[in-house]
Amino acid sequence: MTTQRELLEAGQASFFPNYRQPDLVLVKGEGDWVVDHEGRRYLDLIQGIATNVIGHAHPRLVAALKTQAEALWHVSNLYWNEPAILLAKRLCETSFAERVFFCNSGAEANEGALKLARRFHHDRGAPRQEILAFEKSFHGRTMGALKATGQPKYHEGFEPLPGGFEHLPFGEEAIFERIGEQTAAVIVEPIQGEGGLIVPPPGWLRRLRERTEAVGALLILDEVQSGIGRTGTLWAHEHEGITPDILTSAKSLGGGFPIGALLARAEVAASFVPGTHASTFGGNALATRAALTVLEVLLDEGVLEASRETARRLRAGLEDRLVATGKIEGVRGVGLWLGLEVPGKATAFRDAALEEGILVNALGADVVRLAPALTLGAEGEAAALEGLTRVADRL
């Protein structure tokens, strides 16, 4: 039998060196927990980077994928398939959108959104190239999405990146004057995820929507990480009562199975005519069946509503045990998407958590990200509070 050490050595010898994984190989997941090759159990509070929204190996998701795998996997977009049609219909019914385009990831969805925005203005005989984005944002690793990302450290060594982009301070009122009649689109995360779980001031997104409408610019909401229930509503922008022109989704949409989606108003979507944009694997039957099942679990089984109460208890427990006692400086975020403020200690906190059997993620040097499943159970919730308290005591 291959040992964990042998697997680690094979991985380190074979993979590109662009990741820094800890020395464990995960082999099984169930609900809030994962198990490594040597049988050690870990509480998963990052869930595939806010992706496994209904936990590991949810019975309904497993059953749906098994059934679909025995029927049809992939036929490309040369032909219709039933799960894709049903998913598109459900997404339109539960959002502002009138049209949906499927792809494979958040970066691919954002690339499509940027293309669609420029094509929309081109089709009206008044081309606009300018894309405004925000400092500390993150939109993906492909060239257009990378340029939209407002973190220069990710740009280094990949220049020249596409032109026509500018980054503005996130959450500030002064930026509205910069949005004008040459602006094709503004792309923004309702809550910045990779930038440190930064929540904008109340009303800021609403005023941003008003400004883009006033000058004829499109508003693209990147809900790749914030969407599909992560903040307690299906879409994070619902907290502000606004609607975008274009929205991007991925991560939690497939419950851990790769899928991305581009949602738009019909008038905007009409600019993607045959030949303008495509995705070979986008909308394949396995991925869309997974996503359809995720939505059914969240919306039809009351999971989304229950997650709000879980989030309230978890945050209250963290503030009582960690913030009030001075172990950490604060808790930020919305819903079951929380950041522990530990200035200068995020990496040390992450590593100590691993030793305690808890998986979390460091966002830079100052914030530890928690993104448990929305189905977080009582055992997992209690283990999280107890374990994170022990971790904080060690720092």
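By how many nm would the segment from ALA214 to GLU98 grow when fully extended, if each residue of separation counts as 0.36 nm and the alpha-carbon distance is taken off? It would help to have the intermediate numbers written out before the result.
On the way: separation 116, 0.36 × 116 = 41.76 nm, distance 2.20 nm.
Between ALA214 and GLU98, full extension yields an extra 39.6 nm.
For the set CYS92, CYS103, solvent exposure ranked by accessible area (probe 1.4 Å, protein chains only) runs largest to smallest as CYS92, CYS103. Can you give the direction-averaged projected area of the convex hull of the alpha-carbon atoms in the stretch 284-395, in nm²? Orientation-averaged projected area of the Cα hull: 7.8 nm². How much length is gained if the chain between LEU395 and GLU38 is pulled fully straight, taking 0.36 nm per residue apart and subtracting their Cα-Cα distance, in nm to one decimal? Stretched fully, the LEU395-GLU38 segment lengthens by 125.8 nm. Rounded to the nearest Å, what's the spacing between the alpha carbon centres of the stretch 262-316 and the stretch 1-75? Just the number, please. Taking the Cα centre of the stretch 1-75 as reference, the centre of the stretch 262-316 is 22 Å away. Normalised by the number of residues in the chain, the mean separation of alpha-carbon contacts (under 8 Å, six or more apart) gives a relative contact order of 22 percent.
Extension gain for ALA278 to GLU305 (0.36 nm times residue separation, less C-alpha to C-alpha distance): 6.2 nm. DSSP finds beta bridges in the chain, and of those with both partners inside it, around 65 percent are antiparallel.
Sorted largest first, the spans of the alpha carbon positions of the stretch 1-148 along the three principal axes are 65, 39, 28 Å. Entry note: the stretch 223-320 has Rg to Rh equal to 1.05, where both radii use alpha-carbon atoms and Rh is the Kirkwood radius.
With coordinates expressed along the principal axes, the C-alpha atoms belonging to the chain extend over 61, 53, 45 Å, beginning with the largest.
Each peptide among 297-303, 175-181, 138-144, 75-81 gets the average number of other Cβ atoms lying within 10 Å of its residues, and from highest to lowest they stand as 138-144, 297-303, 175-181, 75-81. Site pair ARG321 and MET143 shows an inter-label distance of 4.8 nm when each label is modelled 7 Å from Cα along Cα→Cβ.
Among ARG315, ARG20, ARG41, ARG369, what's the order by accessible area (1.4 angstrom probe), most exposed first? Mind showing how you got there, number by number?
Values: ARG315 60, ARG20 230, ARG41 115, ARG369 5 Å².
The residues order as ARG20, ARG41, ARG315, ARG369, largest area first.
Averaging over all projection directions, the Cα-based convex hull of the stretch 30-83 occupies 5.4 nm² in the image plane.
Rounded to the nearest percent, how much of the accessible area of the stretch 131-229 (1.4 Å probe, protein heavy atoms only) is carbon and sulfur? It is 52 percent, rounded to a whole number.
Using a Förster distance of 41 angstrom, determine the FRET efficiency expected from the C-beta separation of ALA69 and ASP351, and round it to 0.05.
On the way: r = 38 Å, r/R0 = 0.92.
So, using R0 = 41 Å, E works out to roughly 0.60.
When the chain is described by a simple charge dipole with +1 on each Lys and Arg Cβ and -1 on each Asp and Glu Cβ, the residue from ALA383, LEU340, THR183 located farthest towards its positive end is THR183.
The values are calculated or read from the model by the stated rules, or taken from the named source; none is laboratory data. Since the structure is predicted, the reported quantities are computational estimates derived from the model, not experimental observations. Positions of Cβ are backbone-derived with ideal geometry, glycine not excepted, and every protein chain shown enters the neighbour counts. Note: areas computed on protein heavy atoms with side chains; ligands, DNA, RNA excluded. Shrake-Rupley method; radii C 1.70, N 1.55, O 1.52, S 1.80 Å.
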